[in-house]
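Trainee: Take a look at the following structure, please.
The values are calculated or read from the model by the stated rules, or taken from the named source; none is laboratory data. These numbers come from a predicted model, not from an experiment. Please note: Cβ atoms are built from the backbone with ideal geometry, for glycine as well, and neighbour counts cover all protein chains shown. Each accessible area value is taken on the protein alone, full model and side chains, heavy atoms only, with ligands, DNA and RNA left out. Shrake-Rupley method; radii C 1.70, N 1.55, O 1.52, S 1.80 Å.
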Amino acid sequence: MEMTIRPLLAEEQKYTYGQSSQLTSQTGTIGYLRGDFDRDGDGFYSTWFDEVERRKTDVFKGELDKVINALRFDSQYGPVLAGRKEMRDYVRSQPDSVFQGNRTTEYGFRVDTADYAYLLRCNPQKGDYNFYCYCYESKWLDRHMQNARNSIRFITPDYKEKFRIPDGDKIRIKHSDGETRDLTCRFIDECHVEVGSGFYHICEFAEIMARNGSSVIPLRSSLPERCYSTLAGTGEVIQIKKGESGYYKTDLDMGDKAKNRALVEEYNQKLGVTRAQESAMQAGSMFGWHTLAADPKNYDETGRLLKSKQKDRGDSR
């Protein structure tokens with residue numbers, strides 16, 4: 001059996017968690033193995049959970065045993081599942097594997113064989129489950145991820161495109177009474193989306209929002225939660241928050257525009273905010289978070305808007 005292991009790509013990390021029934025059917029999910037290394041860190045206790053039982057063939061079951069044994073005992077694969085210390089040593093040697101999980105920092109790997117993909121989420125901490133191994137028919141998973149790269153479309157009821165977001169990003173729904181909800185969205189196919197726990201045709205979702213008098217904006221993961229900037233006219237230092245119109249005044253003032261600008265750059269650098277992100281945040285706060293100008297990918301490293309053949313009138317057709 002030929003087998004390879006590598007750190008997960010960012011787009012693969014979300015598939016190391018449970019999926020909805022719609023995504024399970026789209027991605028070739030078979031099930032997952034959950035395990036831990038006991039109190040002393042040297043044990044091995046695991047439990048299998050079916051997702052789509054008909055995919056759990058005898059061929060797959062035989063291969064799964066070989067894959068897990070290789071991850072436990074074969075040095076060319078860590079062995080990442082040999083124990084808590086061995087897992088800790090292995091993930092430290094693979095810095096590209098680290099990602100922020102739902103609750104804590106975790107480490108992810110993809111193991112490939114001829115027909116199956118095993119997506120491994122590791123946590124070498126005592127007191128937690130130490131690994132989850134989600135199993136997929138690789139051709140189904142890879143095809144779905146390829147389609148998902150087209151991003152999720154949000155449209156008006158008459159099918160005019162408003163904006164797109166990457167699979168796994170969030171939107172903010174503002175209801176007519178002013179209440180807001182931030183919900184994660186998942187790509188199902190070109191015309192269907194999962195919003196929170198709901199499953200919709202994209203036109204159906206648009207019609208519901210229009211009927212309820214609700215507005216929808218993207219909360220792009222490429223944008224920071226907040227940043228600092230300066231007002232063009234006065235040089236005053238302000239703070240901008242993702243998804244909110246306008247800005248917040250601050251007490252920061254160095255006495256002139258140039259010094260205020262330098263202070264903003266220092267503060268943003270500490271927050272990990274780039275010039276492209278700052279420019280996108282400015283545009284979103286002024287012109288709307290659904291506009292192309294509110295996306296950092298449309299700026300260069302100095303924060304200048306890249307020239308585009310497509311004019312943005314706010315509905316991103």
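Trainee: Taking strands (runs of 3 or more DSSP E) that fall entirely within the range 87-133, which contain at least 3 residues that are of a type in the set (D, E, K, R)?
Mentor: Per the criteria, 105-112.
Trainee: Can I ask one more? crowded, with 18+ Cβ neighbours inside 10 Å, under 21 Å from residue 88 (Cα atoms) and acidic (Asp, Glu) - does that describe any residue in the range 25-37?
Mentor: yes
Trainee: Now for a different question. Among the residues of the range 185-214, which ones are out of contact with any Cys (no Cβ under 9 Å at 6 or more places or on another chain), within 30 Å of residue 277 (Cα to Cα) and surrounded by 15 or more Cβ atoms within 10 Å (Cβ to Cβ)?
Mentor: Residues satisfying the conditions are 185, 186, 187, 188, 192, 205, 206, 209, 214.
Trainee: Check the range 143-163 and report whether any residue there is of a type in the set (Ser, Thr, Tyr), in contact with a helix residue (DSSP H, G or I) (Cβ under 8 Å, 6 or more places away or on another chain), farther than 17 Å from residue 32 by Cβ and not in a helix (DSSP H, G or I).
Mentor: For the range 143-163, residues of a type in the set (Ser, Thr, Tyr), in contact with a helix residue (DSSP H, G or I) (Cβ under 8 Å, 6 or more places away or on another chain), farther than 17 Å from residue 32 by Cβ and not in a helix (DSSP H, G or I): present.
Trainee: Check off (1) in contact (Cβ under 8 Å) with a residue 40 or more places away in the chain; (2) farther than 15 Å from residue 117 by Cα; (3) out of contact with any Phe, Trp or Tyr (no Cβ under 6 Å at 6 or more places or on another chain) for residue 88 and give me the number that stays unchecked.
Mentor: All conditions are met except number (1).
Trainee: Restricting the search to the range 91-108, which residues are touching a residue at least 24 places away in the same chain (Cβ under 8 Å) and farther than 24 Å from residue 39 by Cα?
Mentor: If the condition is that a residue be touching a residue at least 24 places away in the same chain (Cβ under 8 Å) and farther than 24 Å from residue 39 by Cα, then 94, 96, 97, 99 are the ones that fit.
Yes or no, residue by residue, for (1) more than 22 Å from residue 295 (Cα to Cα); (2) among the hydrophobic types (A, V, I, L, M, F, W, C); (3) in contact with a strand residue (DSSP E or B) (Cβ under 9 Å, 6 or more places away or on another chain):
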| site | (1), (2), (3) |
| --- | --- |
| 162 | no, no, yes |
| 206 | no, yes, yes |
| 213 | yes, no, no |
| 222 | no, no, no |
| 241 | no, no, yes |
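Every residue, every condition in (1) of a type in the set (Val, Ile, Thr); (2) under 20 Å from residue 22 (Cα atoms); (3) in contact (Cβ under 8 Å) with a residue 24 or more places away in the chain, yes or no:
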residue: 124; (1), (2), (3): no, no, yes
residue: 131; (1), (2), (3): no, no, yes
residue: 156; (1), (2), (3): yes, no, yes
residue: 160; (1), (2), (3): no, no, yes
residue: 170; (1), (2), (3): no, yes, yes
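Trainee: Also: Scan 14, 61, 85, 66 and give me the residue that is open to solvent by less than 70 Å² (accessible area, probe 1.4 Å) and among the charged types (D, E, K, R).
Mentor: Exactly one of 14, 61, 85, 66 is open to solvent by less than 70 Å² (accessible area, probe 1.4 Å) and among the charged types (D, E, K, R), namely 14.
Trainee: Taking into account only those residues within the range 204-240 that are charged (D, E, K, R) and touching a residue at least 24 places away in the same chain (Cβ under 8 Å), which is farthest from residue 284 (Cα to Cα)?
Mentor: The qualifying residue farthest from residue 284 (Cα to Cα) is 207.
Trainee: List the pairs whose first member sits in the range 29-44 and is hydroxyl-bearing (Ser, Thr, Tyr), whose second member is part of a loop (DSSP other than H, G, I, E, B), and whose Cβ atoms are under 9 Å apart, counting only residues at least 6 apart or on separate chains?
Mentor: Listed pairs, sorted by first residue: 29/19; 29/51; 29/52; 32/18; 32/51.
Trainee: Name the single residue, out of those in the range 93-104 being at pLDDT 95 or above and touching a strand residue (DSSP E or B) at 6+ places or on another chain (Cβ under 9 Å), that is least open to solvent (accessible area, probe 1.4 Å).
Mentor: That would be 97.
Trainee: Now for a different question. Just one of (1) out of contact with any helix residue (DSSP H, G or I) (no Cβ under 9 Å at 6 or more places or on another chain); (2) assigned to a helix (DSSP H, G or I) trips up residue 49, so point out which.
Mentor: (2) is the only condition that residue 49 fails.
For (1) under 23 Å from the mean Cα position of the chain (by Cα); (2) among the aliphatic types (A, V, I, L, M); (3) at negative phi, each residue gets a yes or a no:
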| position | (1), (2), (3) |
| --- | --- |
| 209 | no, yes, yes |
| 212 | no, no, yes |
| 239 | no, no, yes |
| 270 | yes, no, yes |
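Trainee: Confirm whether residue 237 is β-branched (Val, Ile, Thr), modelled with pLDDT of 95 or more, crowded, with 20+ Cβ neighbours inside 10 Å and under 20 Å from residue 149 (Cβ atoms).
Mentor: no
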